[in-house]
Amino acid sequence: MSLDSLQQAALAKALSRNLPDFRRLTSVDRLTAGASLETYRLGIETDGGPRRLAMRRTPGGADKLSAAWTPSLEAEALLFRVARENGVPEPQVHFILAPEDGLGSGFIMEWLDGETLGQRIVAGEALAGARATLARECGEILGRIHTIDVGASGLEQHLHVWPTEQLVRSTIEKYQAYDVPRPMLDYAGRWLLEHLPADDRSALVHNDFRNGNLIVAPEGIVAVLDWEHSYVGDPIRDLGWLCTNSWRYGQPDLPVGGFGSYEQMLDGYEAATGLRVSLDHVRFWEIFGSLYWAVGCMELANQHRSGQAKSVERLAIGRRVSECEIDCANLLLPPLESPVAKTPAPATRFADTYELIDSVIGFLRDEVAKGDNARLAYLARVSANSLSIVARELTGGLAARATEQAELQALLGQSGEAESLRTELSQRLRSGTMPLDHPGLAAHLRRSVESQVAIDQPRYSGRTNS
């Protein structure tokens with residue numbers, strides 16, 4: 001939903017007060033990007049002609065963000081400014097919204113043209129030349145970010161400090177608080193705690209540096225976006241996050257954002273910092289990245305369930321947890337000797353459940369999604385995908401649960417329903433009473449997560465790589 005007429009009038013007033021050549025506000029378009037903050041493209045008329053700006057603000061125009069350790073929007077504006085001063089490609093921040101503007105917490109900045117959609121960055125013909133050096137460029141930019149002096153820049157007073165162990169434990173605790181046992185996530189959490197790297201460096205961490213948060217043009221990276229989760233800690237977190245499979249957009253063989261190699265990224269980082277990072281250190285944070293995004297998916301889905309932010313998009317993201325699980329499995333577990341069977345296609349009868357679902361999917365994809373309203377078209381595609389998950393669940397879900405139940409009974413040596421046995425396995429992994437190398441554990445975890453992702457997202461690249 002865009003700004004109403006009263007908010008647009010308030011925005012025009014704020015622009016007039018802060019931009020001397022401002023004449024009038026001509027357009028306000030909310031972008032689909034950004035699940036936790038609102039981003040708008042603004043069209044304005046100035047003395048020198050038409051211009052475009054960008055506005056970042058809290059959801060619904062709230063006074064501040066809800067997470068206690070998340071930097072304020074004022075701090076994010078400072079992060080943009082400091083990064084720009086230190087050679088990171090960034091838009092110019094024009095001004096910060098004031099309380100009297102009545103628009104919530106946020107800021108207005110320069111609009112920069114370029115591509116932000118991850119799928120187009122990894123496959124678009126216009127960016128083929130840029131992709132050749134993009135991984136190295138990412139390494140160089142991250143090196144510049146990680147050498148920013150957080151004390152001298154004034155960032156230190158705005159940012160939370162997260163030692164690695166504390167960050168891992170906090171993420172595990174967030175997952176456990178949802179009380180939805182996912183044994184693969186418990187396994188990954190245990191492994192991370194048992195393989196903590198030495199905290200020998202502490203630096204500014206962007207914490208969301210990935211394909212999808214970069215503006216890319218044929219000449220390379222135009223801007224680094226979304227500093228809203230930044231903190232001070234182990235900087236290699238950023239390198240691992242950039243390599244997490246969720247952000248490769250269907251290009252599993254190009255680990256850095258779906259467009260480059262580890263070596264290219266590490267070469268760029270070394271050129272900027274003089275430091276050669278070990279691949280094992282990156283892989284630790286890559287595994288953490290999948291666990292972290294799994295919890296993020298749960299958090300976004302819970303915002304819908306709790307009524308905090310009703311959204312078909314947020315709820316659908318909850319089903320992406322299984323993608324993160326298969327990525328953890330690919331990094332931590334051996335492959336299965338025989339692959340999991342594909343979910344069978346439903347046998348439809350005249351106007352039965354599957355045919356009804358399929359007709360609604362077709363309506364959303366073939367009619368609503370092809371309309372002129374970009375955000376409505378996007379949400380129609382999300383809705384169609386959700387209904388496709390429902391159809392696959394109805395078709396293959398019972399068989400998958402029966403297999404899981406039988407395996408859990410053998411693994412745990414006790415009888416029970418699949419849900420209660422899954423909870424028991426999670427508890428044993430959390431408490432350490434079941435070792436990570438317990439016979440049959442790895443095969444069960446891999447088979448269960450492969451079965452689930454076959455329902456949730458059968459074409460996910462992590463599944464084809466397993």
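The values are calculated or read from the model by the stated rules, or taken from the named source; none is laboratory data. Being a predicted model, the structure only gives us computed values, none of them experimental. Ideal geometry is used to build each Cβ from the backbone, glycine not excepted, and the neighbour counts take in all protein chains shown.
A single entry from Gln452, Gln405 fulfils the requirement of being under 19 Å from Asn245 (Cβ atoms) and either of a type outside the set (Asp, Glu) or touching a Leu at 6+ places or on another chain (Cβ under 6 Å) (or both): Gln452.
Residues that are at pLDDT 95 or above and under 30 Å from Gly151 (Cβ atoms) are absent from the stretch 36-53.
Of a type outside the set (Phe, Trp, Tyr) and modelled with pLDDT under 95, is that true of Ala75? It is true that Ala75 is of a type outside the set (Phe, Trp, Tyr) and modelled with pLDDT under 95. Scanning the stretch 46-64 for any residue that is among the hydroxyl-bearing types (Ser, Thr, Tyr), touching a residue at least 60 places away in the same chain (Cβ under 8 Å) and surrounded by fewer than 19 Cβ atoms within 10 Å (Cβ to Cβ) turns up nothing. Test His158 against the stated conditions and say whether it is at pLDDT below 95 and surrounded by 16 or more Cβ atoms within 10 Å (Cβ to Cβ). In short, yes. Pairs meeting the criteria (first residue in the stretch 177-198 and in contact (Cβ under 8 Å) with a residue 12 or more places away in the chain, second residue among the small types (Gly, Ala, Ser), beta carbons under 6 Å, at least 6 apart or on different chains) are Pro181/Ser426; Pro183/Ser426; Leu185/Ala294; Asp186/Ser426.
Check the stretch 168-188 and report whether any residue there is under 26 Å from Tyr40 (Cα atoms), out of contact with any Pro (no Cβ under 7 Å at 6 or more places or on another chain), assigned to a helix (DSSP H, G or I) and of a type in the set (Lys, Arg). No: the stretch 168-188 contains no residue that is under 26 Å from Tyr40 (Cα atoms), out of contact with any Pro (no Cβ under 7 Å at 6 or more places or on another chain), assigned to a helix (DSSP H, G or I) and of a type in the set (Lys, Arg). I'm checking my understanding of the structure. Among residues of the stretch 338-393 that are touching a Leu at 6+ places or on another chain (Cβ under 9 Å) and farther than 27 Å from Tyr40 by Cα, which one is modelled with the highest pLDDT? Of everything passing the filter in the stretch 338-393, Leu387 is modelled with the highest pLDDT. Among all residues of the stretch 448-459, there is at least one that is assigned to a loop (DSSP other than H, G, I, E, B) and within 19 Å of Leu331 (Cβ to Cβ). Do we have any residue at all in the stretch 255-278 that's without any contact (Cβ under 8 Å) to a residue 40 or more places away in the chain and farther than 17 Å from Leu142 by Cα? No, the stretch 255-278 has no match at all. Considering each residue of the stretch 2-16 in turn, at least one proves to be at pLDDT below 95, aliphatic (A, V, I, L, M), under 17 Å from Gly102 (Cα atoms) and in contact with a strand residue (DSSP E or B) (Cβ under 7 Å, 6 or more places away or on another chain).
One line per residue, one yes/no per condition, for (1) surrounded by fewer than 20 Cβ atoms within 10 Å (Cβ to Cβ); (2) over 30 Å from Ser451 (Cβ atoms):
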| position | (1), (2) |
| --- | --- |
| Ile141 | no, yes |
| Asp149 | yes, yes |
| Ala152 | yes, yes |
| Asp179 | yes, no |
| Met184 | no, no |
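Output the residue which, of all residues in the stretch 230-258 that are over 17 Å from the mean Cα position of the chain (by Cα) and not in a helix (DSSP H, G or I), is nearest to His146 (Cα to Cα). That would be Pro235. The set of residues in the stretch 274-328 that are hydroxyl-bearing (Ser, Thr, Tyr) and surrounded by 18 or more Cβ atoms within 10 Å (Cβ to Cβ) comprises Ser290, Tyr292, Ser322.
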